[in-house]
Amino acid sequence: MGNAAPSDSKVASFRLCADAFEEDEHFLVVVDPKNKGYRFWFPYGDIYVESDINAQTFRITGNLTHNGDTENYLQIDATFSEIHGAEDCYCSSQSHMGPKFTFEKPKYKKVVKCSGKDYESRDKPEDEDLLFCPKCEKNVCDKASKLPGASSPVYNDWSFYKNVSGSFGGPGLEILREQIKTKWKKVDTSIDICTMDISMLPLPQLYCSNIHDPEGLNSYGYGANAKNFLCGFSAWVNCKEDRDAIASVSKASDAHFLDFNLKFKRCDDDSTNTPTSSPTNSPTLTPTNTPTLTPTRTPSGPPINFNNETCTNYILAPLDFANPDVNVSLNNLGGFCGKDAVDGVHCGDDLPKIIRYKNVGFFNGSFVTLVVENTSPYVPKDGTMGPTANTDGHYNNGVLGNLGQINQKIRNKVDLKFSWENSNGDPLSLSGYFIFYDIDNGYCNCTSVSNDCKKCHDCPGGRDKIDVTESDISVPDYGFYPGIVIDPETYLCQSVKNGKRSFWATRKGNYFEGEDNPEYWGGDIGILDELTSFQKRVTVALGFTDKSSLDITYEIVGGKYIDTGRNLVFSAAIYDCLTL
């Protein structure tokens, strides 16, 4: 029997499975008021998607997981309804794009910039009934328009859904709501329900050029999933219960805190594309497969040995300092109490002079602990535990958002050892990348990163410098990235002397784009991809292979404000095997 003739999602019903829009990317992302993703959820078992053209519905059912939590999975059961075409959309209309452009020959950059404010401001009678769509993210529509078989406009055959019914549930809902609250402060986490709401948001959109073979060589979604060209679906979503909380945090009419970005695939059971009233194999309520963490990509390469087992499917997953499971059981670096540390419990003269981040990562089915200790004298800025933002000396030590942080007084340096432990406190050898952020100057710029790194006038607020033994930097055997990951337009100056590689700051903080100090590790797509351009340029990631620790020296060079301090901000991403 030959293959079925191609049939697209606009004219044919189908029943398929869904996955993250790209291998080891998110399925659902929690975004902040600036639409930056900061928490990520991944498929846990099969996710079923079902389109019924006659009923004009599209349904998603299944489970998601976050950060390797095998118990607190998130259930999805959502039905999107009332299909519309691109001709019903305001953002693709001539009224929005201007008289020089037409629906058939659009200016995609104009479509990209169509906001909720633009939609609300439409004032022509003929535009009154138009809908808030399509949603073209960045330049994905423009690029998709050049693919084989693309319509003009590229979104001409997409399906847009006006309504949604359904909710999130399961034990992961509490975690999801806590995650939302970290950036949307007015959200009430005592509310134990999330009814899906797309009011005032761009309409959810879907397309697949060949639903019989959604992952085929010539099957395209032409940007409908808002991330790439694969067959798929995307939607911005809120919880109906949080409408007032959202409005109190953001004035944008299209403010939201959840994004779906997914691709279609055939189900493992090879089920047909015939729609049914509900999935024939319902997702299990108790997950059975080991979930992924928050990986960046699955590197290609030869089979790798993990714990004497051969692995061919490995991921690079970041630490998550903001995970509710993280326990900073000791915050006593050099004998100084850190953030939220209780004297005599987490810090003090009689306790180990270290910071211990328990359960900050996940490897081989178990939690990972990161320990930081000073191996040379440590001098932080004096702290007061006062409300002084992020300038409170040793009381800064511990966690900054989703990252780790250590304070030091200017004109000082300290040798630091970062060590891995398993849940029993035994040394653990891992491979991956240590990442150091916010390597900048206090109140001055150096002339050029190509000059001698030492040639920079004395910055009043000091100058960050990180040293690491050259031989400790390596490309992991299963590495997707080089040994040193650094932005091509970096502001860091590098020097090598006596077997040590140094990374020197050359630019002052909060100068180019503000917010030079990130609170998120920055690797939605790649290690540095989700940082701002300035943040990327003052960040470096260092590869390590099969090591239980890494030693660095953190130095603040110069500075006349001798009673001030600076902060070392860090994280790591470790390789793990998805399945053995």
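Taken together, 61, 70 contain a single residue that is crowded, with 20+ Cβ neighbours inside 10 Å and either in a loop (DSSP other than H, G, I, E, B) or hydroxyl-bearing (Ser, Thr, Tyr) (or both), which is 61.
Give just the number: which of (1) out of contact with any Gly (no Cβ under 6 Å at 6 or more places or on another chain); (2) open to solvent by 30 Å² or more (accessible area, probe 1.4 Å); (3) within 18 Å of residue 27 (Cα to Cα); (4) assigned to a strand (DSSP E or B) does residue 162 not satisfy? Unmet for residue 162, out of (1) out of contact with any Gly (no Cβ under 6 Å at 6 or more places or on another chain); (2) open to solvent by 30 Å² or more (accessible area, probe 1.4 Å); (3) within 18 Å of residue 27 (Cα to Cα); (4) assigned to a strand (DSSP E or B): (3). Could you tell me which residue of segment 372-424 is modelled with the lowest pLDDT, considering only residues that are open to solvent by 10 Å² or more (accessible area, probe 1.4 Å), assigned to a strand (DSSP E or B) and under 19 Å from residue 346 (Cβ atoms)? Result: 400. Taken together, the criteria place residue 536 among residues that are open to solvent by 10 Å² or more (accessible area, probe 1.4 Å) and part of a helix (DSSP H, G or I).
Checking the structure you have, find out if any residue of segment 433-447 is of a type in the set (Val, Ile, Thr) and at pLDDT below 85. Yes, that holds for at least one residue. None of 175, 211, 191 is of a type in the set (A, V, I, L, M) and under 22 Å from the mean Cα position of the chain (by Cα) except 175. Checked against (1) polar (S, T, N, Q); (2) more than 28 Å from residue 323 (Cβ to Cβ); (3) assigned to a loop (DSSP other than H, G, I, E, B); (4) at pLDDT 85 or above, residue 495 passes all but a single condition, namely (3).
Filtering segment 138-159 to residues that are assigned to a loop (DSSP other than H, G, I, E, B) and open to solvent by 50 Å² or more (accessible area, probe 1.4 Å) leaves 138, 139, 146, 148, 149, 152. The residues of segment 480-504 that are without any contact (Cβ under 8 Å) to a residue 12 or more places away in the chain and under 22 Å from the mean Cα position of the chain (by Cα) amount to a single one, 488. Residues in segment 29-58 that are polar (S, T, N, Q) and open to solvent by 20 Å² or more (accessible area, probe 1.4 Å) were compared, and the one that is nearest to the chain's Cα centre (by Cα) is 35.
Looking only at segment 184-201, filter to residues that are among the hydroxyl-bearing types (Ser, Thr, Tyr) and open to solvent by less than 80 Å² (accessible area, probe 1.4 Å); which one of those is farthest from residue 80 (Cα to Cα)? Among those that are among the hydroxyl-bearing types (Ser, Thr, Tyr) and open to solvent by less than 80 Å² (accessible area, probe 1.4 Å), it is 189. Would it be correct to say that residue 349 is open to solvent by 20 Å² or more (accessible area, probe 1.4 Å), part of a loop (DSSP other than H, G, I, E, B) and free of Cβ contacts under 8 Å to residues at least 24 places away in the same chain? The answer is yes for residue 349. Within segment 225-260, being over 27 Å from residue 189 (Cβ atoms), open to solvent by less than 50 Å² (accessible area, probe 1.4 Å) and in contact with an Asp or Glu (Cβ under 8 Å, 6 or more places away or on another chain) holds for 226, 228, 231. Inspection of segment 75-96 finds no residue satisfying the criterion of being part of a loop (DSSP other than H, G, I, E, B), modelled with pLDDT of 90 or more, open to solvent by 40 Å² or more (accessible area, probe 1.4 Å) and under 25 Å from residue 9 (Cα atoms). From the list 228, 218, the one residue that fits, being in contact with a Pro (Cβ under 8 Å, 6 or more places away or on another chain) and assigned to a loop (DSSP other than H, G, I, E, B), is 218. For segment 172-181, the criterion of a residue being out of contact with any Cys (no Cβ under 8 Å at 6 or more places or on another chain) and outside any helix (DSSP H, G or I) is satisfied by no position.
The values are calculated or read from the model by the stated rules, or taken from the named source; none is laboratory data. Predicted, not measured: the structure shown is a model, and the values here were computed from it. Note that each Cβ is placed from the backbone with ideal geometry, even for glycine, and that neighbours are counted across all protein chains shown. Quick note on the areas: whole protein, heavy atoms, side chains included, nothing else; ligands and nucleic acids left out. Shrake-Rupley method; radii C 1.70, N 1.55, O 1.52, S 1.80 Å.
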